[in-house]
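The values are calculated or read from the model by the stated rules, or taken from the named source; none is laboratory data. All of these numbers come straight from a predicted model, not from anything done at the bench. Cβ coordinates were reconstructed from backbone atoms using ideal geometry, including for glycine residues, and neighbour counts include every protein chain displayed.
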C-alpha cells in the first residue's frame, strides 16, 4: 500500500463544484485521496507532508485537447517565427521581428552544427508579420553559401532556400514548375510555393524524417509539461498504422519520467484504406491503451484554414469575392467514415474552421444519430472558428462539443477583421461565450505547432479577446477566467472522455496537478498567460519545471 | 541524346464519376504502350490486369508492361520513381482525388522530365446536374468541369436520348471543352493519351512519302472508322488525316486549330515557310503546342505537312477545313 503524501498549498482550485477551493491535496499512489484543509486530511491516517508547494497555487493538470506531436520533430530545428516561444528544453526564443533577426538567429544555429555538410532546417517563418520583404536565397546566403538551408514557413505551404540548395537540387533547371519563384532574369529566388516546388528541395525530407520518433515524442511531451499540461491529445499526423511509431510511443510513455498522458487520435479517411479496416485498426489500438497512452478516438478533417482561404464558408463567404475553400475530405467520405466510427462506438473530433464545414458536420452527426442513437457520444467540432449561434444551439441539442481555437483571436484576429471575413464576423469568431450560453461544453486549444501550446495563454486569449496589435475583437464573446480555467481542465477532459479520471481535483481521480506561482482567477486577464508553472504532478509523481528539470 | 519529355495527362472528376473505370479501360487497351499510372489506391486499378511484381516501394508492374504508383509517399516521389524505371513510361496518367482541382494537379506536368498533356475530366451524365446543384459540392464540381481540356462523359446509357441531349447541352454551357461519350468508361486510348510518337510506333512509318501515315499503334482492332489511323474503333469519335502541300503559317495553325470546337486530339508535322525546320504539332482539347521536331536516327525528315485529327462525331469535314485553310483531307472516310 503506497504511502499518503499531503501537499499543502496557498490555494487549491479543484474544479469540483462541491468543494471549489481547498488548501491541501492528499495523494496516495497515483490517485487523489482527499482534498481539503491540512488538519482534515491528517485524519486519513499515516501520511507525510510535502510542503514544497506551500506558497503555490494548485489547479488540475491542464488538458490540451488539440495539438500535434510532430511539433516535437519541428523543435529539433531552430524556430524563426515572429512571436516568442519556449522550446522543449526551456530555451526562450524571442522571435524574429525582421529578416536581419532571422539571419542572426540562424548564423548562431549554423555555427553550432557539428557536421559541415548537414542541411540547416528551420521552421515557423511567417512573412505576414514582416511586411513585404520576401525571404529568399539573397537573404539566406548571408548565413551560409555552402551549407544547404531550408526554412519552412508557418503555413507549411511555403519554404525558402539558399543558393546551396538551388545549386545542389538543380532548381535553375526546374523553373517551369509553378511555385519555383524566379526573378526577372528567370533565376530561382529561393522562394518555393506549394508542394510541387517545395519537394524539389531535398532538405524537406530531413524535416519529415524526424516525425514519429522517440525524440519527437519526448520533445512534444517536454513542451506540454513546461506549460502545466498533464494530458495532451495528438489530433493526427502521426501514422498509428506504422509499427515503428507505435513502438516509439510505447517505449517513450512506459518510462516513469515521461511527463504527460497522451491521447493519440487516428486521422481517418485520408488515404485509400477501406473504412472498415480503419475501424478495426482503431478498435485494436484502443485495446492497447495504458494509463499514459490512450487510443480509440478519431479525427476527421473537413476543410482548410480561414487565413489560407481554404476553409469552407457559408454565404457571404470570404471578403473580396474569393471562391470558397476546399473540402479536404469529400462529404460522401465524411459521412461514410463518421457513420462507421460512430456505429463502432468511437469518439470523433472533426476539424471545422468555416461555418459551412460546421454545418456539414452537424448534418452528418444528426443523420448518424438518427440511424444509430448513442448516449453521450461527445463528438466535437474542433477549431469551430466560424460556428454560428444557430450552430451552437444545434450542437447543444445533438450533444456535440466545441474545442474552440481561442488563440486565433490573438494571432490572426487583425487579419480576420481586415482581410478574411470582416469586422462583424471576426468579432463572433471563436464564440466561446455563445457556446457556453447555449450549454455546449467547450475546450480551448493551441493546435501546437500552429500556435504555441499553453493553456494559461489560451485562457488569456479567451478572456481578453485582444489581437496581436492590441485591438479588442468581439469583447461580447469574452468568457470569465473561471470559465476559461474550466475549459482547459474539465472541459477538455470531458471532450476526451477522460473527465471521470482527470480534469478536476477530487478524491478517487488521478493525481494530475499543475502547480502555479499565482492564482489565474485572481490576476488581471493579461497576466494569466505569464503565470509561472513550477511543476506538474502526474499520477502522484512530482515533475518540476525549470532549467534543471529532468527531460 | 536528351530523353524526350514524358507527356503527363491528368484524369479528374468528382467521386464516382468513373475515373477508375476510365483508367482501367485505358490499361486494357494500351496495346503495347507503356503507361505510368499514378493513383490514390492500388486496389482500384488492375481489375483485369494482374500485378506482376513490385518494382519498388509504391510502384508495381502490371501485365502488359504498364506500371502503377500510389501516392503513399506523395506526388513528387511518385513522379521521380516513374522517371527512374527502365524503360520509362511513354505516357503518365495521374488520377486526381475526387475533391481535388485537376488544374492544380496538372502543374506537376511541369516537373522536369515531363510535359503537361491535358486535363481530362470524367463527368457522369446521369448525376452531373444534381452534383452541380448539390448544397455542398456544387462550386467544386463546376470548377472541375471548367478546368477540363476534354470531358469524358460516362453513364449516358442510363438516360434516354432527350435527357442525354439536355445534359450535354447544359454541359456545353459550363465548358467549351469537347465532350467524348464513353457510356461505360470505354474511350479510345488516343483521346486521353494522344497519338503514339513515331519512334514508338515501331512500324517504320515514313512520312511525306505518299504512304498512309500511321500515327497510332492502336490495338489493331479490326476495321471500322478510324482503323486506318490506328485509332481504336469507336462511334463516339471521328478521325481524319489532312495534308498541306504548301508552307504553313504556324501561328495561324495554332490559333485556328485551337479554336476548333470538338477537337479532341491532333498530331503531326507542319512545314513552315522559308528554311525553318519542320514543326511537331500536338493538340489536346483547345491547347495546341508546336515544337521543333527532333530528328530520330534513321527516320527521314518529313516533306509534307500532315496532321491526324480526332474530333467528336458531329464535327464535319467542312468545319475542320475552315480551321486548316490550305489543307486537304487525304484519308478515305469510312
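Does region A:322-340 contain any residue that is more than 14 Å from chain B (Cβ to nearest Cβ), surrounded by fewer than 15 Cβ atoms within 10 Å (Cβ to Cβ) and modelled with pLDDT of 95 or more? No, the conditions are met nowhere in region A:322-340. Considering (1) more than 14 Å from chain A (Cβ to nearest Cβ); (2) crowded, with 20+ Cβ neighbours inside 10 Å, the lone condition that residue B:137 does not fulfil carries the number (1).
For region B:73-89, a residue qualifies if it is assigned to a loop (DSSP other than H, G, I, E, B) and more than 9 Å from chain A (Cβ to nearest Cβ), and the qualifying residues are B:73, B:85, B:86, B:87, B:88, B:89. When the residues of region B:90-113 are filtered to those that are crowded, with 23+ Cβ neighbours inside 10 Å and closer than 17 Å to residue B:34 by Cβ, the one that is farthest from the other protein chains (Cβ to nearest Cβ) is B:91.
Of the residues A:280, A:252, only one is surrounded by 15 or more Cβ atoms within 10 Å (Cβ to Cβ) and at negative phi; which?
On the way: A:280 fails: surrounded by 15 or more Cβ atoms within 10 Å (Cβ to Cβ).
Result of the check over A:280, A:252: A:252.
Restricting to region A:258-285, name every residue that is over 20 Å from residue A:495 (Cβ atoms) and in a loop (DSSP other than H, G, I, E, B). Passing the criteria: A:258, A:259, A:269, A:270, A:271, A:272, A:273, A:274.
Among the criteria (1) surrounded by 14 or more Cβ atoms within 10 Å (Cβ to Cβ); (2) at pLDDT 90 or above, the one residue B:331 does not fulfil is (2). Residues in region A:167-187 that are away from chain B (no Cβ under 14 Å) and closer than 23 Å to residue A:147 by Cβ: A:167, A:168, A:183, A:187. Only residues that are touching a residue at least 60 places away in the same chain (Cβ under 8 Å), more than 14 Å from chain A (Cβ to nearest Cβ) and more than 26 Å from residue B:283 (Cα to Cα) were counted in region B:140-161, giving 1. Among the strands (runs of 3 or more DSSP E) confined to region B:92-203, the ones with at least 2 residues that are under 30 Å from residue A:334 (Cα atoms) and touching a helix residue (DSSP H, G or I) at 6+ places or on another chain (Cβ under 9 Å) are located at B:114-124, B:150-154. The conditions of being out of contact with any strand residue (DSSP E or B) (no Cβ under 7 Å at 6 or more places or on another chain), surrounded by fewer than 18 Cβ atoms within 10 Å (Cβ to Cβ) and within 13 Å of chain A (Cβ to nearest Cβ) are not met by residue B:65. When A:271, A:287, A:212, A:304 are checked against the criterion of being at pLDDT below 95, farther than 23 Å from residue A:75 by Cα and more than 14 Å from chain B (Cβ to nearest Cβ), A:287 stands alone in meeting it. Looking at B:131, B:159, B:125, B:140, just one residue is modelled with pLDDT of 90 or more and farther than 30 Å from residue A:273 by Cα, and that residue is B:159. Inspection of region A:38-46 finds no residue satisfying the criterion of being under 30 Å from residue A:379 (Cα atoms), touching a residue at least 24 places away in the same chain (Cβ under 8 Å), crowded, with 18+ Cβ neighbours inside 10 Å and over 19 Å from the mean Cα position of the chain (by Cα). Can residue A:93 be described as under 30 Å from residue A:455 (Cβ atoms), without any contact (Cβ under 8 Å) to a residue 40 or more places away in the chain and either crowded, with 17+ Cβ neighbours inside 10 Å or in contact with a strand residue (DSSP E or B) (Cβ under 9 Å, 6 or more places away or on another chain) (or both)? The answer is yes for residue A:93.
Among the residues making up region B:1-59, a single one is outside any loop (DSSP other than H, G, I, E, B), in contact with a helix residue (DSSP H, G or I) (Cβ under 6 Å, 6 or more places away or on another chain), modelled with pLDDT under 85 and within 30 Å of residue B:128 (Cβ to Cβ): B:44.
Per this entry, residue A:365 is counted among residues that are buried (at least 18 other Cβ atoms within 10 Å of the Cβ) and either in a helix (DSSP H, G or I) or in contact (Cβ under 8 Å) with a residue 60 or more places away in the chain (or both). Tallying residues that are buried (at least 20 other Cβ atoms within 10 Å of the Cβ) and at positive phi within region A:394-439 yields 1.
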